[in-house]
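**Q** Can you read through this structure? Questions will come right after.
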Amino acid sequence: YKLYVEMACNTLFGAGDGLINPPVLDKTFTLSQAEISVFHRDVFELILDIETLHDMAKHLPEESERGYIALYTVNDMINTIILDDKASYSRAHTMAEKFLQQGNGQGHHTVHAMGHAHIDSAWLWPYGETIRKCARSWSCTVQLMEKYPNFTFTCSQAQQYYWVKEHYPKLYQKIKQLVKSGQFIPVGGTWVEMDGNLPSGESFIRQFLYGQKFFKEEFDVQCKEFWLPDTFGYSAQLPQIMKTCGINRFLTQKLSWSLFNKFPHHTFIWEGIDGSRVLTHFPPGDSYEMKGQVEEVVRTIKNYKDKGRSSKSVFLFGYGDGGNGPS
């Protein structure tokens, strides 16, 4: 076998001195150790089962019957598992599976979980590293889709698709097939996830013009939503520009991160200067890179500020900025 190790001389958040300072050009890195491990999927899945059920017992309300049943189930699993007897692993896994297959009633809040990998096109690393981040994250995503046909992944930024098409053509062809099947979902309709405050109106229009053109030519997709989770400002012209470009829905996140002014809604109509309106959603888990943990799901439901008006919300999971996406 040939093993290839990909390396880049920067951390997850770039090569700067701290979080937002310019790159340090004379910084050095040392590879001091590399390990090869054997992956036991049955053990991995059993750990996930136990962590999930334990977290349900811990995070669901005290009066929740489901939380109590989770507690008793995980207790029975622990009593069933014998470390030296691999057959006991599958027996314990079956116990978890039986519990997790129980559905909720129709009156409950519905959380729509979507795989995601938020990657800044330009930040404190070279463009070459952004290209590698896209390839790493999306190739892992494609492999997951081959194994889990119900798994869906939302992906914005035409520029990043263009880079992968140019540098990783085989991966790109797989992505095109998965776009057709509805698993790999192009979103946003813009060339990159741009700043929402500083650019001129013409600059915004060009983002949609070139983004929508690319998605239409490459995938025969016309995006109906503007996807901008990570921006620190929003021009009041944006609803008018969105509507002009065939967009009637908007997803964002950062406004909900304000330390001082907590926005009072998660699903609402945003009306622009000229009266144009777009349906807007902030994922109530307050993150666009959640890990699929029980606590995050509970937080999503508890946080949701529009109960009664709407019973649906978006849950975006996956490691961002080149960290692999969903795992």
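The values are calculated or read from the model by the stated rules, or taken from the named source; none is laboratory data. Everything numeric here is computed off the predicted structure, so don't read it as measured data. Cβ coordinates were reconstructed from backbone atoms using ideal geometry, including for glycine residues, and neighbour counts include every protein chain displayed. Surface accessibility is based on the protein's heavy atoms, side chains included, excluding ligands, DNA and RNA. Shrake-Rupley method; radii C 1.70, N 1.55, O 1.52, S 1.80 Å.
**Q** Pairs needed: first member in the stretch 181-204, closer than 19 Å to Lys216 by Cβ; second member anywhere, part of a strand (DSSP E or B) and open to solvent by 40 Å² or more (accessible area, probe 1.4 Å); C-beta distance under 8 Å; at least 6 residues apart or different chains.
**A** Qualifying pairs under 8 Å: Ile185/Met114.
**Q** For the stretch 183-191, state whether one or more residues are exposed (fewer than 15 other Cβ atoms within 10 Å of the Cβ) and over 20 Å from Val314 (Cα atoms).
**A** No, there is no match, as no residue in the stretch 183-191 is exposed (fewer than 15 other Cβ atoms within 10 Å of the Cβ) and over 20 Å from Val314 (Cα atoms).
**Q** Output the qualifying pairs, or none if there are none: Cβ atoms under 9 angstrom, residues six or more apart or on different chains, first residue in the stretch 58-84 and outside any helix (DSSP H, G or I), second residue of a type in the set (S, T, N, Q) and surrounded by 12 or more Cβ atoms within 10 Å (Cβ to Cβ).
**A** From residues that are outside any helix (DSSP H, G or I), the pairs are Ile81/Ser88; Ile82/Ser88.
**Q** Continuing with this model, one more query. Can you give me the number of residues within the stretch 17-43 that are exposed (fewer than 10 other Cβ atoms within 10 Å of the Cβ) and under 30 Å from Ser88 (Cβ atoms)?
**A** Matching residues across the stretch 17-43 total 6.
**Q** Can His93 be described as in a loop (DSSP other than H, G, I, E, B), over 18 Å from Trp227 (Cβ atoms) and open to solvent by 40 Å² or more (accessible area, probe 1.4 Å)?
**A** The answer is no for His93.
Here is a yes/no grid of residues against (1) assigned to a helix (DSSP H, G or I); (2) farther than 19 Å from Ser156 by Cα:
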| position | (1), (2) |
| --- | --- |
| Lys262 | no, yes |
| Thr280 | no, no |
| Ser287 | no, no |
| Gly292 | no, yes |
| Glu295 | yes, yes |
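**Q** Ok, one more. Would you mind telling me which numbered condition in (1) modelled with pLDDT of 95 or more; (2) over 26 Å from Phe151 (Cα atoms) Met95 fails?
**A** So the condition that Met95 fails would be (2).
**Q** Which residues, counting only those in the stretch 22-35, are closer than 30 Å to Met77 by Cβ and within 28 Å of the chain's Cα centre (by Cα)? Working first, answer last.
**A** Our first condition is that a residue be closer than 30 Å to Met77 by Cβ; within the stretch 22-35, this holds for 35.
Listed by number, the list is empty, since nothing qualifies.
**Q** Looking at the stretch 97-136 only, could you name the residues that are over 26 Å from the mean Cα position of the chain (by Cα) and open to solvent by less than 60 Å² (accessible area, probe 1.4 Å)?
**A** Phe99, Gly105
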